[in-house]
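Engineer: Have a look at this one before I ask anything.
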Amino acid sequence: MTSRATASVRPDFAGHDLSRLRIVMVVGVPERLRAMAARVPHAVHVSCVAMTESAAFLTLNRLDDPPDKRAETGGHPMPGMQCRVVDPDSGADLPPGAPGELLFRGPNAFDGYFRDPDLTARVFDSEGWFHTGDVVVADPDGRLTFVSRLKDMLKVGGENVAAAEVEGHLLTHPAVAIVAVVAAPDARYVEVPAAFVQLKPGHTVSEQELIDHCVGRIASYRVPRYVRWVTEWPMSGTKIKKVELRKPIAGELAAAGITEAPRISARS
């Protein structure tokens, strides 16, 4: 299950008898994985990096991996699968700890997109590597951690910001159920983070309180400058259509004549 699914589809998840669960696979940001582990502390929790193009699992945690590794990484590549982390611009391989685009090839790789040879040709290179469009980080032991989609990377005043990192921190607030972070246009920084948030039933929080929750805990350029509330999400299958969130925030700012986001003040 995805952590988003447990939050939105089954908000009463914790009220059920979960004592028979022994192994739980859940995919999401580390904050969500730790929250799930706290709900079902007697089970072993594992995560993975997975996609349709890899016939489900590309990487998977081992049951005997340390709990922190199972919460913070997607584990090692599956047997027979080759993975690389490369600079998306130059194609050069990157060292452990450096975020880059994930490439893979091997027996689990799909052959191509149905009736779309042009797209298939764009995502496979001449050596058979599939370019996923996902940003990951490899640790020194070869475990992979998903960071963001390439298209979900924001450029805030020249700094790269992964939307998933900001989302992960906002999810640590007790009132937040679901969050999606997108780029809002800005004359000073080119773009800044804007957070769309769905609250848990019965909870309230203000825009400023959520911003204050971030200030001093994450880098200032990662702090969302705008927070907007959502009860229904634009969806494509099981994924939020972030492009449909960028349009309203850009339109709202343009209509109000706002060209620069509010400055972030340091925590006292």
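The values are calculated or read from the model by the stated rules, or taken from the named source; none is laboratory data. Values in this document were obtained by computation on a predicted structure and should not be read as measured data. Here the Cβ positions follow ideal geometry from the backbone for every residue, glycine too, while neighbour counts run over all protein chains shown.
Engineer: If a residue must be part of a loop (DSSP other than H, G, I, E, B) and surrounded by 16 or more Cβ atoms within 10 Å (Cβ to Cβ), how many such residues does the range 68-87 contain?
Structural biologist: Taking the range 68-87 and keeping what is part of a loop (DSSP other than H, G, I, E, B), we get 73-75, 78-81, 87.
Adding the requirement that they be surrounded by 16 or more Cβ atoms within 10 Å (Cβ to Cβ) leaves 73-75, 78, 81.
Total meeting the criteria: 5.
Engineer: Sticking with this one: Whether any residue in the range 35-48 is on the phi > 0 side of the Ramachandran plot and either at pLDDT 95 or above or not small (Gly, Ala, Ser) (or both) is what I want to check.
Structural biologist: Here is the first cut: in the range 35-48, the ones on the phi > 0 side of the Ramachandran plot are none.
No - not one qualifying residue is present in the range 35-48.
Engineer: Select, from ALA138, ALA175, ALA194, the only residue that is touching a helix residue (DSSP H, G or I) at 6+ places or on another chain (Cβ under 9 Å), surrounded by 22 or more Cβ atoms within 10 Å (Cβ to Cβ) and at pLDDT 95 or above.
Structural biologist: ALA194
Engineer: Evaluate the range 260-268: report whether one residue or more is surrounded by fewer than 14 Cβ atoms within 10 Å (Cβ to Cβ), touching a residue at least 40 places away in the same chain (Cβ under 8 Å) and either in contact with an Asp or Glu (Cβ under 8 Å, 6 or more places away or on another chain) or on the phi > 0 side of the Ramachandran plot (or both).
Structural biologist: Yes: the range 260-268 contains one or more residues that are surrounded by fewer than 14 Cβ atoms within 10 Å (Cβ to Cβ), touching a residue at least 40 places away in the same chain (Cβ under 8 Å) and either in contact with an Asp or Glu (Cβ under 8 Å, 6 or more places away or on another chain) or on the phi > 0 side of the Ramachandran plot (or both).
Engineer: Would you mind finding the one in ARG222, ARG143, ARG149 that is crowded, with 19+ Cβ neighbours inside 10 Å and under 30 Å from ASP111 (Cβ atoms)? Spell out how you get there, then give the answer.
Structural biologist: On the way: ARG222 fails: under 30 Å from ASP111 (Cβ atoms); ARG149 fails: crowded, with 19+ Cβ neighbours inside 10 Å.
Sole residue among the options that is crowded, with 19+ Cβ neighbours inside 10 Å and under 30 Å from ASP111 (Cβ atoms): ARG143.
Engineer: Please count how many residues of the range 44-67 are crowded, with 17+ Cβ neighbours inside 10 Å and part of a loop (DSSP other than H, G, I, E, B).
Structural biologist: Of the residues in that region, 3 qualify.
Engineer: Considering only residues that are in contact with a strand residue (DSSP E or B) (Cβ under 8 Å, 6 or more places away or on another chain), part of a loop (DSSP other than H, G, I, E, B) and without any contact (Cβ under 8 Å) to a residue 60 or more places away in the chain, which ones fall in the range 88-109? Outline the logic, then answer.
Structural biologist: Going through the range 88-109, the residues in contact with a strand residue (DSSP E or B) (Cβ under 8 Å, 6 or more places away or on another chain) turn out to be 88, 92-94, 96-106, 108-109.
Adding the requirement that they be part of a loop (DSSP other than H, G, I, E, B) leaves 88, 92, 94, 96-99, 106, 108-109.
ALA92, LEU94, PRO96, GLY97, ALA98, GLY106, ASN108, ALA109, listed by residue number.
Engineer: The conditions are (1) out of contact with any Cys (no Cβ under 9 Å at 6 or more places or on another chain); (2) at pLDDT 90 or above, and SER3 fails exactly one of them. Which is it?
Structural biologist: Here SER3 clears every test but (2).
Engineer: Just checking, does the range 183-205 include any residue being farther than 24 Å from GLU101 by Cβ, among the polar types (S, T, N, Q), touching a Ser or Thr at 6+ places or on another chain (Cβ under 9 Å) and not assigned by TED's automatic domain parsing to the domain that holds ARG32?
Structural biologist: Scanning the range 183-205, I find at least one residue that is farther than 24 Å from GLU101 by Cβ, among the polar types (S, T, N, Q), touching a Ser or Thr at 6+ places or on another chain (Cβ under 9 Å) and not assigned by TED's automatic domain parsing to the domain that holds ARG32, so the answer is yes.
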